[in-house]
Amino acid sequence: MPNNFWTAAPAQDPKRGFRFRVQVTGMQGSDYLWYAKKADKPQVSFSEASHQYLNHTYYWPARTEWNTVSITFVDPVDPDLAGSMGDLLEAAGYKIPAGTNTAEDFASMSKAGSTDALGSVIVEQIDEEGNPLETWTLNNAWVQEVTFGDLDYSSDDLIEMTMKFRYDWASFEPSAGARRPGGPGKSKLFAGPS
């Protein structure tokens, strides 16, 4: 007899929005970033190609596009997230225009430099015991936008920074014991080349 979510005592809680952790290996090594406050999960969209024949229109899936992911952090004093972000942008190749005397003055950001500086961006949704239920890895991610927060004399809020990440695709890995309505499925979805 299948487990009925609504009438049987659950063996495990459903996925909860506040149970997650974020890892950006280019920032603070490979530790989880305890100051992550909010994280988007990846979103994929498929464009379409159409063909009209007489009074009918037929559709085919076309190109795949992964939308940006935003992660909001509280900006602690230690570690200094704003300072770390400046270091990360500099390591990615961003330079303040300071002159035109050397070849280095003309250097600009590159995808290779940006992805190497950032490292891996990983968002894990965890269960009540801290075990990963699903792991999303943003492949070839780089920082597209940084918002350093707002200052306001009438506010007691903590300063928040938001980083928007652009990436080529996301890898999804469910927990080892995850069951799916359609059967066991594959161990990895959108995994890409190994």
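Annotations
- Close contacts from segment 98-110, counting a first residue that is without any contact (Cβ under 8 Å) to a residue 24 or more places away in the chain and a second that is open to solvent by 100 Å² or more (accessible area, probe 1.4 Å), with Cβ to Cβ under 6 Å and a gap of 6+ residues or different chains, come to Met109/Tyr94.
- Selection status of Thr115, over 19 Å from Val24 (Cα atoms) and in contact with a Phe, Trp or Tyr (Cβ under 9 Å, 6 or more places away or on another chain): no
- Residue in segment 123-136 that is closer than 30 Å to Phe172 by Cβ, touching a helix residue (DSSP H, G or I) at 6+ places or on another chain (Cβ under 6 Å) and at pLDDT 85 or above present: no
- Pairs, first surrounded by 14 or more Cβ atoms within 10 Å (Cβ to Cβ) in segment 74-96, second in a strand (DSSP E or B) and among the basic types (Lys, Arg), C-beta under 8 Å, six or more apart: Val74/Lys37
- Within segment 61-86, the set of residues being within 17 Å of Phe165 (Cβ to Cβ), in a strand (DSSP E or B) and among the aliphatic types (A, V, I, L, M) comprises Val69, Ile71.
- When Asp116 is tested against the conditions (1) over 27 Å from Glu134 (Cα atoms); (2) in contact with a helix residue (DSSP H, G or I) (Cβ under 9 Å, 6 or more places away or on another chain); (3) open to solvent by 100 Å² or more (accessible area, probe 1.4 Å); (4) not in a loop (DSSP other than H, G, I, E, B), the lone failure is (1).
The values are calculated or read from the model by the stated rules, or taken from the named source; none is laboratory data. These numbers come from a predicted model, not from an experiment. Glycine also receives a Cβ, built like all others from the backbone with ideal geometry; neighbour counts cover every protein chain displayed. These accessible areas exclude ligands, DNA and RNA; they are computed on the full protein's heavy atoms, side chains included. Shrake-Rupley method; radii C 1.70, N 1.55, O 1.52, S 1.80 Å.
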